[in-house]
Amino acid sequence: MQYYSAGLRRSAAALVAAAAATVLMTGCGPTDDGAAGPSPATPAGSVPAAPTPTAGSSAGGSGGTAPTPSASTPGGGTKPCTADEVKVSDAQQAAVRPPGTGTGAAVLSVTNASKHACTLTGYPTVAGAGNGSPEKNLPLATTHSGTASTVTLAPGARAWTKLTFVNVQGEADGYCVSGATPAVFPTLVIGVPGAGSHQIAMTDGSFAACDNKATVNAFSAAKPS
């Protein structure tokens, strides 16, 4: 009886030990539903890395790509010609002029002498030069002819105008139909809109006119006759 009881005790102890081992093994393995075990803990004192932005995200976290600043585009287009950029030619007698023995009409041009394009708009002013004394210049009353429009001048290009005077009649010193005394100017001062005043001469004589008047054409890219 003692031998049998001792054997039973040893068998019971062995069963208990086996059951304990089974329980330990079950706790260390995966769960029945296949879920992964707990992830490793983040070491104390470390900071998780920030996620790398992807296309379509912005620094502020809102959707869409952050706008990229673009260079500003200068505006204004082609600028008007200035006095330093133009050269006014000496005048030549026009092919079409009023009857008489004076100058009648003259044609002249304004050339863009700069290295970039510029614009010219309007009508010239005209004055008889005061023999080197600007304060003695004699402005002529002008009547405008034609419609003023903007002429864009490339470097070296010209804009033209025509001056038509009240012509002198007769021989020798001539006379004016109005009874006034004819005026003779060796040179004229031509005012170009926005581009200063320029003194010019005639290529074939002097400017002889009556009544201190002139009709002036608007500047044009086409040479008048």
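The values are calculated or read from the model by the stated rules, or taken from the named source; none is laboratory data. It should be emphasised that the depicted structure is a prediction, and the values quoted were computed from it without experimental measurement. Cβ: placed from backbone, ideal geometry, glycine included. Neighbour counts: every protein chain shown. SASA here: full protein model, heavy atoms, side chains in, ligands and nucleic acids out. Shrake-Rupley method; radii C 1.70, N 1.55, O 1.52, S 1.80 Å.
Total residues in the range 192-223 satisfying the condition of being part of a loop (DSSP other than H, G, I, E, B) and more than 15 Å from Thr103 (Cβ to Cβ): the figure is 10. Looking only at the range 143-161, how many residues end up being β-branched (Val, Ile, Thr), open to solvent by 50 Å² or more (accessible area, probe 1.4 Å) and either touching a strand residue (DSSP E or B) at 6+ places or on another chain (Cβ under 6 Å) or assigned to a strand (DSSP E or B) (or both)? Total satisfying the criteria: 3.
Remark: pairs (first residue in the range 199-214, closer than 22 Å to Thr143 by Cβ and open to solvent by less than 50 Å² (accessible area, probe 1.4 Å); second residue of a type in the set (Asp, Glu) and modelled with pLDDT of 95 or more; Cβ separation under 9 Å; 6+ apart in sequence or on different chains) = Ile200/Asp90; Met202/Asp90. When Val189, Val110 are checked against the criterion of being in contact (Cβ under 8 Å) with a residue 12 or more places away in the chain, part of a strand (DSSP E or B) and in contact with a helix residue (DSSP H, G or I) (Cβ under 9 Å, 6 or more places away or on another chain), Val189 stands alone in meeting it.
Screening Gly102 with (1) at pLDDT 95 or above; (2) more than 19 Å from Cys81 (Cα to Cα); (3) surrounded by 20 or more Cβ atoms within 10 Å (Cβ to Cβ) gives one miss only, at (1).
Taken residue by residue, the range 117-128 has no member that is out of contact with any Ser or Thr (no Cβ under 7 Å at 6 or more places or on another chain) and surrounded by fewer than 16 Cβ atoms within 10 Å (Cβ to Cβ). Of all residues in the range 90-99, those that are within 37 Å of the chain's Cα centre (by Cα) and open to solvent by less than 40 Å² (accessible area, probe 1.4 Å) total 1. Pairs are defined by a Cβ separation below 6 Å, a sequence spacing of at least 6 or placement on different chains, a first member in the range 132-161 that is farther than 25 Å from Thr187 by Cα, and a second member that is among the basic types (Lys, Arg) and part of a loop (DSSP other than H, G, I, E, B); the pairs so defined are Pro155/Lys115. Within the range 182-198, the residues that satisfy the criterion of being out of contact with any Pro (no Cβ under 9 Å at 6 or more places or on another chain) and either more than 30 Å from Ala113 (Cα to Cα) or open to solvent by 50 Å² or more (accessible area, probe 1.4 Å) (or both) are Pro182, Ala183, Val184, Pro186. Scanning the range 162-181 for residues that are touching a residue at least 24 places away in the same chain (Cβ under 8 Å), more than 27 Å from Cys118 (Cα to Cα) and either surrounded by fewer than 21 Cβ atoms within 10 Å (Cβ to Cβ) or of a type in the set (A, V, I, L, M) (or both) returns Val166, Val168, Gln169, Gly170, Glu171, Gly174, Cys176, Val177, Ser178, Ala180. Among the residues of the range 86-112, write down those that are of a type in the set (Ser, Thr, Tyr) and over 28 Å from Val177 (Cβ atoms). Once the filter is applied, which keeps residues that are of a type in the set (Ser, Thr, Tyr) and over 28 Å from Val177 (Cβ atoms), the range 86-112 yields Ser89, Ser109, Thr111.
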